[in-house]
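Read through the structure below, which is laid out as structure tokens, and then see the notes.
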Amino acid sequence: MKYVDEYRDPAAARTILSHITDLAQGRHFKFMEVCGGHTHTIYKHGIENVLPQTVELVHGPGCPVCVIPMGRVDDAIAVAETPGVIFTSFGDMMRVPGGNGNLLEAKARGADVRMVYSPLDALRIAIANPDKQVVFFAVGFETTAPSTAVTVMKAMQKGITNFSLFCNHVTIVPPLKAILDSPDLRLNGFLGPGHVSTVIGNRPYRFVPQKYGLPLVTAGFEPLDILQAILMLLRQIDEGRCEVENQYTRAVPEHGNPRALEVINTVFELRPHFEWRGLGFISQSALKLREEFAPWDAALRFSVPGVRVADPKACQCGEVLKGVIKPWECKVFGTACTPETPIGTCMVSSEGACAAYYNYGRFTKHDTVPVELTGRVKTPQPA
Amino acid sequence: MCLGIPGQIVEILDPADHRATVDVDGVRREVNVGLVMGDAGGIKVGDWVLIHVGFAMTKIDEEEAASTLDFIKQLGSVYDDEIRDFSAEAPL
């Protein structure tokens with residue numbers, strides 16, 4: 001594995017770390033890694049332990065399963081329990097608790113709930129079962145939305161009318177804005193997400209430097225990628241620059257995947273509002289089917305309760321998703337809430353910060369420290 | 001899901017319908033390659049792609065594929081879930 005070794009080269013890591021240490025003297029820096037995959041690398045490789053104490057990493061909202069609010073799971077279960085429905089979902093969503101249990105429990109009660117790998121599998125099930133209504137529980141950021149879009153376009157082309165979408169796709173930029181507008185958290189910059197950026201490119205992040213005066217560096221998933229991206233952030237701050245930079249050029253094209261963005265735009269439009277777990281309602285943060293695709297919209301075809309369900313009092317996934325607390329600071333972390341018996345989404349999803357911390361990081365705890373802002377925060381304009 | 005898993009194109013099944021077979025760490029499955037066919041050089045047997053939920057989303061080189069696969073393998077449960085889902089045929 002010669003390729004992998006070069007991303008783990010200890011000598012290269014020491015060199016980058018010494019530069020980081022030089023630049024991080026004298027004040028505290030707080031950077032958010034947006035993506036759950038980065039959180040895993042950070043815990044798995046103990047990156048927090050090798051960074052100088054003045055560089056703090058906080059975990060962001062980039063886990064597609066984690067941000068689905070409980071009420072949407074209850075809505076999904078209500079559709080799944082409708083007679084004549086085959087309800088299909090990614091495996092990750094099956095164990096996410098709603099106010100009324102999870103989809104696996106609905107399946108145990110008799111609902112026809114099936115795990116699929118791809119939305120195309122759900123479409124195949126619809127073709128094979130013309131006397132049933134097949135619903136696909138669509139979740140995810142821009143990494144999965146193009147796949148759902150292509151699937152709906154295929155359903156339209158082939159005239160498959162017993163297939164529909166329970167659409168919960170979200171977009172990555174609005175929660176970043178919500179976090180930047182939140183008084184709870186002060187940041188000095190972002191590690192931009194890796195694979196979402198392969199689809200959307202780097203341009204959508206320009207508002208971070210332009211409006212909030214903070215740097216953002218799109219980063220890969222290897223330990224050296226993370227360290228290099230942190231160094232790039234510190235260099236920008238040190239040199240008085242503030243821009244979007246791409247550390248992950250080997251996978252992220254500047255303009256993303258134009259074809260994927262085109263199919264998203266063909267099939268979906270922005271919802272006026274969508275509720276995010278922990279972040280509340282964020283305007284224009286999620287996707288819904290355009291009117292011409294209304295026949296494939298499960299929300300129009302079925303009775304969806306649409307009830308808002310508060311998170312369990314003990315659960316602090318919301319604060320974890322906003323980076324306000326570390327996973328281990330949650331009262332139920334590792335006691336009542338574990339990957340085997342999760343209370344909150346961040347422990348359910350293998351991409352969640354709590355699951356990552358539970359698996360790798362339980363013995364290292366770094367407190368969060370307030371920082372001075374490096375950026376010039378302007379009054380946010382309405383989107 | 002949100003993390004793509006790298007695979008190598010081993011057969012183009014139907015270019016018009018964007019169907020191809022990929023090999024992910026020894027497991028083969030049909031995926032849709034329609035979203036990467038317009039990339040420079042098109043898509044051909046031997047190419048490496050990042051796959052999200054049955055769709056190739058980005059062309060990458062072999063080096064990046066090896067690095068990403070190794071990263072996902074280290075995540076343990078993420079890799080296990082992905083390979084389990086990837087290799088499963090949807091029950092019709």
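Structure summary
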| quantity | calculated |
| --- | --- |
| Helices (runs of 4 or more DSSP H) contained entirely in the range A:130-207, each with at least 1 residues that are among the acidic types (Asp, Glu) and in contact (Cβ under 8 Å) with a residue 24 or more places away in the chain | A:173-181 |
| Filter result for the condition that a residue is within 8 Å of another protein chain (Cβ to nearest Cβ) and part of a strand (DSSP E or B), over B:50, B:3 | B:50 |
| Flag for residue A:182 being under 29 Å from residue B:38 (Cβ atoms) and under 20 Å from the mean Cα position of the chain (by Cα) | no |
| Within the range A:296-380, helices (runs of 4 or more DSSP H) holding 2 or more residues that are modelled with pLDDT under 90 | A:317-321, A:345-348, A:353-360 |
| Selected residue (criterion: surrounded by the most Cβ atoms within 10 Å (Cβ to Cβ)) from residues of the range A:212-233 that are more than 18 Å from residue A:53 (Cα to Cα), within 14 Å of another protein chain (Cβ to nearest Cβ) and at pLDDT 95 or above | A:219 |
| Test result for residue A:151, touching a strand residue (DSSP E or B) at 6+ places or on another chain (Cβ under 9 Å), closer than 22 Å to residue A:324 by Cα and at pLDDT 95 or above | no |
| Qualifying positions in the range B:6-39 - more than 10 Å from chain A (Cβ to nearest Cβ) and hydrophobic (A, V, I, L, M, F, W, C) | B:9, B:10, B:12, B:13, B:16, B:20, B:22, B:24, B:27, B:33 |
| Condition check for residue A:49: over 23 Å from residue A:263 (Cβ atoms), of a type in the set (S, T, N, Q), crowded, with 18+ Cβ neighbours inside 10 Å and touching a residue at least 12 places away in the same chain (Cβ under 8 Å) | no |
| Some residue of the range A:121-132 being facing chain B (nearest Cβ under 10 Å), surrounded by fewer than 20 Cβ atoms within 10 Å (Cβ to Cβ) and under 16 Å from residue A:345 (Cβ atoms) | no |
| Residue A:141 vs. criteria hydrophobic (A, V, I, L, M, F, W, C), buried (at least 23 other Cβ atoms within 10 Å of the Cβ), within 17 Å of residue B:2 (Cβ to Cβ) and more than 10 Å from chain B (Cβ to nearest Cβ) | no |
| Residues of the range B:12-49 classified as touching a His at 6+ places or on another chain (Cβ under 7 Å) and either at pLDDT below 95 or among the charged types (D, E, K, R) (or both), total | 1 |
| Condition check for residue A:108: more than 18 Å from the chain's Cα centre (by Cα) and more than 21 Å from residue A:296 (Cα to Cα) | yes |
| Positions within the range A:117-129 being part of a loop (DSSP other than H, G, I, E, B) and farther than 18 Å from residue B:19 by Cα, in sequence order | A:129 |
| Top-ranked residue in the range B:36-54 [being more than 20 Å from residue B:69 (Cβ to Cβ) and not aliphatic (A, V, I, L, M); ranked as surrounded by the fewest Cβ atoms within 10 Å (Cβ to Cβ)] | B:41 |
| Residue A:241 vs. criteria among the charged types (D, E, K, R), within 21 Å of the chain's Cα centre (by Cα) and more than 14 Å from chain B (Cβ to nearest Cβ) | no |
| Any hit, the range A:94-111, residues being touching a residue at least 24 places away in the same chain (Cβ under 8 Å) and among the acidic types (Asp, Glu) | no |
| Selection within the range B:69-92 - in contact with a strand residue (DSSP E or B) (Cβ under 7 Å, 6 or more places away or on another chain), touching a residue at least 40 places away in the same chain (Cβ under 8 Å) and within 7 Å of chain A (Cβ to nearest Cβ) | B:86 |
| The listed residue being hydroxyl-bearing (Ser, Thr, Tyr), surrounded by 24 or more Cβ atoms within 10 Å (Cβ to Cβ) and farther than 21 Å from residue A:124 by Cβ, out of B:77, B:67 | B:67 |
| First in the range A:316-345 and without any contact (Cβ under 8 Å) to a residue 40 or more places away in the chain, second anywhere and surrounded by 21 or more Cβ atoms within 10 Å (Cβ to Cβ) and small (Gly, Ala, Ser), Cβ under 7 Å, 6 or more apart | A:337/A:344; A:339/A:355 |
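Every residue, every condition in (1) away from chain B (no Cβ under 14 Å); (2) within 30 Å of residue A:127 (Cβ to Cβ); (3) buried (at least 24 other Cβ atoms within 10 Å of the Cβ), yes or no:
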| site | (1), (2), (3) |
| --- | --- |
| A:27 | yes, no, no |
| A:37 | no, no, yes |
| A:60 | no, no, yes |
| A:75 | yes, yes, yes |
| A:80 | yes, yes, yes |
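The values are calculated or read from the model by the stated rules, or taken from the named source; none is laboratory data. Computed from a predicted model, the values in this text were never measured in an experiment. Quick reminder, even Gly has a Cβ in these numbers, built from the backbone with ideal geometry, and neighbours come from all protein chains shown.
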